[in-house]
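All remarks here apply to the structure that follows.
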Amino acid sequence: MAQEAAEAKINALSVELKLLRKGLGIQAKTLPALVGEQLREVCGVDDEDTPGTVRGKVVETLRRLIEKLPESHRRTARIVLGFGTGANERYTQRLELLGTGADRNVRTMQRRADDVIYLIAEAAYGEPVLYGGSSAISQDDPWHTSALAVRLTLTGTAAAEVFETRRVVSHVAGLADVEHAISLARPASTSGRPDLSGLGIDVVAGGEVHSVRMVSSTRVAFSLRPPQPLDAGDEHEFFFRTRVDELPAPFYCCTPEFPCQSFDLNVRFDRRKPPLRVWRIDGEFSKDAEDPLTARKPLFLDNAGEVRTGFRDLRPARSYGVGWQPAS
C-alpha cells in the first residue's frame with residue numbers, strides 16, 4: 001500500500017486501540033462491542049462471529065502483535081492493554097505500574113503508553129492478517145497451542161524423560177479440560193498393548209492430569225485440567241513430565257490435533273553412546289516420520305550431546321520433530 005494509506009490505517013488503528021485500553025482493557029465484558037473497523041480487519045473478525053469468538057480473536061491477535069515488539073516494549077504493551085493485570089485494575093491504575101523509581105510523571109507514562117500503542121498498530125500492518133492464510137487458527141476448534149517447548153532426555157538404556165511446557169489458548173467459554181495424547185509409534189511388545197504402569201505422567205505446574213487411558217495399541221490419551229475453567233481468549237500454561245521405561249522408536253515428534261503456533265525441541269542424548277546421525281522431521285505425514293531413508297535436513301550434536309530445533313505454524317495431523325539412528 002502507498003505510504004500515506006499505510007499511515008492512515010496505522011493511525012486509525014491506534015485510535016481504536018486507545019479506546020480499547022480504557023477501563024479494564026481486554027478484560028472488559030464489553031470488549032466485543034468496542035472492536036472498531038480497523039481492529040476487526042486485523043483480527044479477521046466476521047459479522048457472524050459470536051461475542052466469545054470476537055474476544056478470542058482480538059485477544060490472541062493482540063498477544064501475537066505484542067510478541068513482535070522489541071523486548072523492552074512488551075511489558076509496557078501488556079500492562080497498557082490489561083494482559084496479566086488484576087481483574088479490576090482500570091487503565092489509570094495500570095498506568096501507574098509503568099512508573100519506575102522517581103519516573104512517575106503522569107505525562108511521561110501516558111506518552112509511553114501512546115508510543116507502544118502506535119508500535120502495535122504499526123506491527124499489525126507490517127505482516128499478513130494473523131487469522132488469514134493456510135495456517136489460520138479455526139475458532140471451530142476448542143483451543144489451540146500458542147507455544148510448546150519440549151526437553152527430551154535419553155539415557156543409556158531405552159528409557160526417556162520428557163519435560164513439556166505447553167501454552168494453550170481457549171476458544172470457548174468454560175473450557176475445563178484440555179485433551180492430550182502421546183503416540184508410542186508402535187507397541188512396546190508384540191504380545192499386546194503397552195503397559196500403562198511403565199508410563200509416568202505428572203503435572204509439575206499449571207493444573208492436574210487425569211483420565212489416563214489407552215485409545216489404541218500405540219496411543220495414550222489423558223486430560224489436563226487447569227485450576228479453573230478457561231474463558232474464550234484465556235491463555236494458560238501447563239508444565240508436565242512424562243517418563244517411559246522404553247522409547248519404542250528412535251524419533252520424537254509433535255503431531256498436533258489442533259493448530260500449534262510454535263514448537264521448540266531440545267533432545268539430549270547419552271554422550272557415551274551418541275547416535276550415528278540425527279535429522280529434522282518437518283511437516284511429514286505421521287506414517288512417514290519413522291522412515292530413516294527419507295532425505296531430510298541433518299542435525300548435529302553440540303559438545304553436551306544435545307540438538308535443538310524449532311518449528312512455526314504447525315499444521316494439524318502433520319509430524320514435526322527429530323529422528324535419529326542409534327549407535328549399533
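The values are calculated or read from the model by the stated rules, or taken from the named source; none is laboratory data. Note that the coordinates shown come from a computational prediction; the quantities given were computed from them, not determined experimentally. What goes into the accessible areas is simple: the full protein's heavy atoms, side chains included, and nothing from ligands, DNA or RNA. Shrake-Rupley method; radii C 1.70, N 1.55, O 1.52, S 1.80 Å.
Here are the numbers:
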{"read-out": "Average projection area in nm² (convex hull over Cα atoms of segment 218-275, one quarter of hull surface)", "value": "6.2"}
{"read-out": "From phi via Karplus (6.51, -1.76, 1.60), per-residue ³J(HN,Hα) for segment 273-285 in Hz, x at Gly/Pro", "value": "9, x, x, 6, 7, 9, 9, 9, 9, 10, x, 8, 5"}
{"read-out": "Apportionment of accessible area to carbon and sulfur, segment 34-93, percent (1.4 Å)", "value": "44"}
